[in-house]
Amino acid sequence: MYVLGIESSCDETAAAVVKDGRELLYSSVATQIDTHKLYGGVVPEIASRKHAEDIAIVVKDALEGAGITKEQIDAVGVTFAPGLIGALLVGVNFAKGFCYSLDKPLVPVHHIRSHIAANYLVSPNLEPPFLALVASGGHSLLIDVKDYTDYEILGKTLDDAAGEAFDKTARALGFPYPGGIYIDAAAKRGDPFKYRLPDPHTENPLDFSFSGLKTAVLNLINQHKMRDEEIDSDSLAASFQKTVCDILERKLSLAIDKTERKKVVLAGGVAANSEIRERIEKLCRRLGCSFYMPTRELCTDNAAMVASQAYFEFKSGKVAGMDLNAYATMPADDVRF
Ligand code: KG4
Ligand code: ZN
């Protein structure tokens, strides 16, 4: 079964063709990073307009790259929630037009579910149940994935998501948007023990709160500025990244204890971080769990993961009508359309 995936939830316009949920034929991604960099973050209206410009081009590119005609596509999977509403609507409406004109099933895909599904593309033998740690620009989540379309959220973002904390810290250190990748590089040159940063408390130990950590970084930078002292950016990046790793590691161990799952999956844009990848892999080895993570390319937003998840949603009967809408927020374990 050939599925065309479409993604436009934030600042990447993407399309991909995946066979039977596991085999990636071609993935096309048009990133808007250079445009939003000028403003230090994503400007929603500009994002929607760029999606409108690029969507047909990436779909054509994906079909050509896969060597598949429009008629050969068996279903279209599209990200419909959560994300920037104007951005999501571009993908949803394009998918509707495609399905309407060619009489194909339209499959709504939840963005976080698709991030997890990126793992099915790189690990063909991976099957639920497993525990997923998802860290992206907008979300930090611990999810018990009981089946391909059956999830239980164990812990979630209370304020800033992990990626948001990376980006805001990077911005304060003078790095371009999105800053996660620059922190990753700077941290390699710094001393992770130079600055002590807080590990914020959460009532549910599996929830995530990164805003206190971000504020501590900003305060530290301001204090140095006021005293006219130079901050060691590389060591602050290293200390910040180490603290995020400590937090993720501790919460993941708790979740492993609680669920007794022996399979762990990492997902989301922040899962591209080299120290997080290394630390979580080591932790899993130590705890006797098997560990899976997508390639770096498939960690950040793309449509291959959307097409993969759409295959499993379709198999469980999740097909939408032509009245499908987009939603800015929606929990991954309670998907409605
Ligand atoms: O999943 P994603 O592409 O978009 C959302 O769904 O939000 O995640 C984007 C986030 C950004 O915050 C970006 O800075 C972060 O992923 N990111 C990284 C790295 N690469 C991307 N964070 C830390 N280290 C990286 N290497
Ligand atoms: Zn994402």
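Let's see how each residue does on (1) within 12 Å of ligand 1 (Cβ to nearest atom); (2) farther than 20 Å from E152 by Cα:
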residue	(1), (2)
V264	no, no
A267	yes, no
C289	no, no
R296	yes, yes
K318	no, no
T329	no, no
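Which numbered condition in (1) under 14 Å from the mean Cα position of the chain (by Cα); (2) closer than 26 Å to T31 by Cα is the only one that A87 fails?
Of everything listed in (1) under 14 Å from the mean Cα position of the chain (by Cα); (2) closer than 26 Å to T31 by Cα, A87 misses just condition (1).
Check off (1) modelled with pLDDT of 95 or more; (2) more than 9 Å from ligand 1 (Cβ to nearest atom) for Y182 and give me the number that stays unchecked.
(2)
Return yes or no: is M330 among the aliphatic types (A, V, I, L, M) and crowded, with 21+ Cβ neighbours inside 10 Å?
No.
Among (1) open to solvent by less than 30 Å² (accessible area, probe 1.4 Å); (2) within 16 Å of ligand 1 (Cβ to nearest atom); (3) not aromatic (F, W, Y), where does P108 come up short?
So the condition that P108 fails would be (2).
Under 6 Å by Cβ, and 6 or more places apart or on different chains, what pairs join a residue from the range 32-52 that is part of a loop (DSSP other than H, G, I, E, B) with one that is among the hydroxyl-bearing types (S, T, Y) and open to solvent by less than 50 Å² (accessible area, probe 1.4 Å)?
Taking only residues 6 or more apart or on different chains, the pairs are G40/Y177; G41/Y177.
Which ones in the range 112-153 are part of a strand (DSSP E or B) and either surrounded by fewer than 21 Cβ atoms within 10 Å (Cβ to Cβ) or at pLDDT below 95 (or both)?
Hits for the range 112-153 are D144, K146, D147, D150, E152, I153.
Of the conditions (1) within 13 Å of ligand 1 (Cβ to nearest atom); (2) open to solvent by 10 Å² or more (accessible area, probe 1.4 Å), Q72 satisfies every one except a single condition; which number is it?
The failed condition is (1).
Residues being touching an Asp or Glu at 6+ places or on another chain (Cβ under 8 Å) and under 19 Å from G5 (Cβ atoms): count how many of those fall in the range 306-337.
2
Among the numbered conditions (1) among the aliphatic types (A, V, I, L, M); (2) within 15 Å of ligand 1 (Cβ to nearest atom); (3) surrounded by fewer than 22 Cβ atoms within 10 Å (Cβ to Cβ), tell me where A56 comes up short.
Of everything listed in (1) among the aliphatic types (A, V, I, L, M); (2) within 15 Å of ligand 1 (Cβ to nearest atom); (3) surrounded by fewer than 22 Cβ atoms within 10 Å (Cβ to Cβ), A56 misses just condition (2).
Search the range 261-292 for residues being open to solvent by 10 Å² or more (accessible area, probe 1.4 Å), among the hydrophobic types (A, V, I, L, M, F, W, C) and more than 16 Å from I247 (Cα to Cα), and hand back the single one that is farthest from ligand 2 (Cβ to nearest atom).
L287
How many residues does the range 269-287 contain that are closer than 17 Å to I116 by Cβ and either of a type in the set (G, A, S) or away from ligand 1 (no atom under 16 Å from the Cβ) (or both)?
4
Looking at D167, D160 in this structure, which one is within 13 Å of ligand 1 (Cβ to nearest atom), out of contact with any Phe, Trp or Tyr (no Cβ under 6 Å at 6 or more places or on another chain) and open to solvent by less than 60 Å² (accessible area, probe 1.4 Å)?
When all the criteria are applied, what remains is D167.
For the range 272-296, enumerate the residues that are touching a residue at least 60 places away in the same chain (Cβ under 8 Å) and part of a helix (DSSP H, G or I).
Within the range 272-296, A272, S274, E275, I276, I280 qualify.
Considering only residues that are open to solvent by less than 40 Å² (accessible area, probe 1.4 Å), in a helix (DSSP H, G or I) and either without any contact (Cβ under 8 Å) to a residue 60 or more places away in the chain or touching a Ser or Thr at 6+ places or on another chain (Cβ under 9 Å) (or both), which ones fall in the range 187-233?
A187, S211, G212, L213, K214, A216, V217, L220, I221, H224
All but one of (1) in contact with a strand residue (DSSP E or B) (Cβ under 9 Å, 6 or more places away or on another chain); (2) surrounded by 15 or more Cβ atoms within 10 Å (Cβ to Cβ) hold for E297; which doesn't?
(2)
Pick out the one residue from V134, V109 that is within 10 Å of the chain's Cα centre (by Cα), of a type in the set (A, V, I, L, M, F, W, C) and either within 16 Å of ligand 2 (Cβ to nearest atom) or farther than 25 Å from V17 by Cα (or both).
Exactly one of V134, V109 is within 10 Å of the chain's Cα centre (by Cα), of a type in the set (A, V, I, L, M, F, W, C) and either within 16 Å of ligand 2 (Cβ to nearest atom) or farther than 25 Å from V17 by Cα (or both), namely V134.
The values are calculated or read from the model by the stated rules, or taken from the named source; none is laboratory data. Note that the coordinates shown come from a computational prediction; the quantities given were computed from them, not determined experimentally. Please note: Cβ atoms are built from the backbone with ideal geometry, for glycine as well, and neighbour counts cover all protein chains shown. Each accessible area value is taken on the protein alone, full model and side chains, heavy atoms only, with ligands, DNA and RNA left out. Shrake-Rupley method; radii C 1.70, N 1.55, O 1.52, S 1.80 Å.
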